[in-house]
Every structure is written in C-alpha cells, then in structure tokens.
Amino acid sequence: MTLVFYIFIAAVVGIAGGSQVLVNSNLNKTADLPLTALVVNIVAGVTILAVYLVFSRQSFSVLRNADWYAFLGGVLGVIIVMGSTFLIPRLGITAASSIIIVSQLTFAMVADHFGMLGIRHIPADPVRFGALLLMILGIYLFFK
C-alpha cells in the first residue's frame with residue numbers, strides 16, 4: 001500500500017470524525033441530552049461490529065491476552081462523544097474541533113516521543129514544536 005492510500009484513509013477518518021461530532025450535536029439539540037447521542041453511537045457501533053464479528057469468524061477469546069488498559073478505549077470514546085456533543089453548540093464546530101485536534105496532536109507528539117505502549121519512537125524536535133505552536137495560534141484566530 002502506498003502513502004497516498006494512507007493519506008486518503010486518514011482524510012476519510014478525519015471527515016468521519018468531523019461529521020460524527022456534527023451529527024451528534026444535532027441529535028443532542030433534538031433530544032436535549034448528550035447521553036442520547038452517546039447511546040445511539042454505542043448501539044450503532046455494537047450492531048455494526050457484531051455483524052462484522054459474525055462474518056469474520058473472529059473470537060473474543062483472544063482478548064484474554066490483552067493488557068487491562070487496552071479496554072480503556074470504550075471509556076475514552078464516552079468522553080469524546082459526550083465532550084464534543086457538549087462543546088459544539090457552545091463553541092461552534094470549527095473552534096471545538098480545532099481544540100480537540102490540537103489536543104490530540106499534542107498527546108500524539110508526546111506518545112511518539114516516548115514510544116508509549118510500544119509504538120515507534122519519533123523524537124519531538126523544534127520543528128514539531130513549531131508546528132504545534134502554529135496550530136495553537138490557529139485556534140486563537142478561530143476565536144477572533
């Protein structure tokens with residue numbers, strides 16, 4: 001697979017993430033309860049994954065070997081969905097998304113630098129810090 005393909009997949013994921021928070025925010029406006037968007041998210045996700053598991057013939061038994069923290073993704077998903085659903089009507093999708101994305105990139109840079117959870121070590125350097133500062137400046141400009 002080529003770098004262009006990976007960039008395409010990353011762009012699709014980014015658009016899906018931006019669309020998800022917008023749709024969840026709209027659902028929250030209709031239901032006036034962030035929990036509703038979360039429940040819809042979870043039910044849809046579990047349904048799609050259950051169908052996938054049936055057809056892929058994968059087993060949950062392999063999860064017995066996973067470290068305890070590997071299961072925190074669900075908890076983090078709750079924070080992401082409820083937090084974005086809460087923020088978007090208050091800050092707007094551009095401002096809220098820019099803060100979320102820069103926060104993700106900041107954490108990603110730290111994770112890369114320390115090779116957290118066995119990922120490839122990519123040291124933080126002045127260029128990466130500069131890029132991060134430019135993104136923070138961008139957030140400031142979104143609020144102008």
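Here is a check on your reading of the model: is SER61 at pLDDT below 85, surrounded by 14 or more Cβ atoms within 10 Å (Cβ to Cβ) and part of a helix (DSSP H, G or I)?
For SER61, the condition - at pLDDT below 85, surrounded by 14 or more Cβ atoms within 10 Å (Cβ to Cβ) and part of a helix (DSSP H, G or I) - is not met.
Note down all Cβ pairs under 6 Å where the first residue falls in the range 92-104 and is closer than 15 Å to LYS144 by Cα, the second is in a helix (DSSP H, G or I) and of a type outside the set (A, V, I, L, M), and they're at least six residues apart or on different chains.
If the second residue must be in a helix (DSSP H, G or I) and of a type outside the set (A, V, I, L, M), the pairs left are THR94/PHE142; ALA95/PHE142; SER98/PHE142.
Criterion first (modelled with pLDDT under 90 and small (Gly, Ala, Ser)) does GLY115 satisfy it?
The answer is no for GLY115.
Determine which member of the set PHE142, PHE107 is more than 17 Å from the chain's Cα centre (by Cα) and either surrounded by fewer than 15 Cβ atoms within 10 Å (Cβ to Cβ) or under 21 Å from ILE15 (Cα atoms) (or both).
After ruling out the rest, the residue left standing is PHE142.
Among the numbered criteria (1) at pLDDT 85 or above; (2) closer than 24 Å to LEU132 by Cα, which one does VAL21 miss?
(1)
Quick one: would you say ALA50 is under 21 Å from ALA10 (Cα atoms) and assigned to a helix (DSSP H, G or I)?
no
What number of residues in the range 119-136 are among the β-branched types (Val, Ile, Thr) and assigned to a loop (DSSP other than H, G, I, E, B)?
Qualifying residue count for the region: 2.
The values are calculated or read from the model by the stated rules, or taken from the named source; none is laboratory data. Because the structure is predicted, anything quoted here is derived from the model rather than measured. Note: ideal-geometry Cβ built from the backbone for every residue, glycine included; neighbour counts use all protein chains shown.
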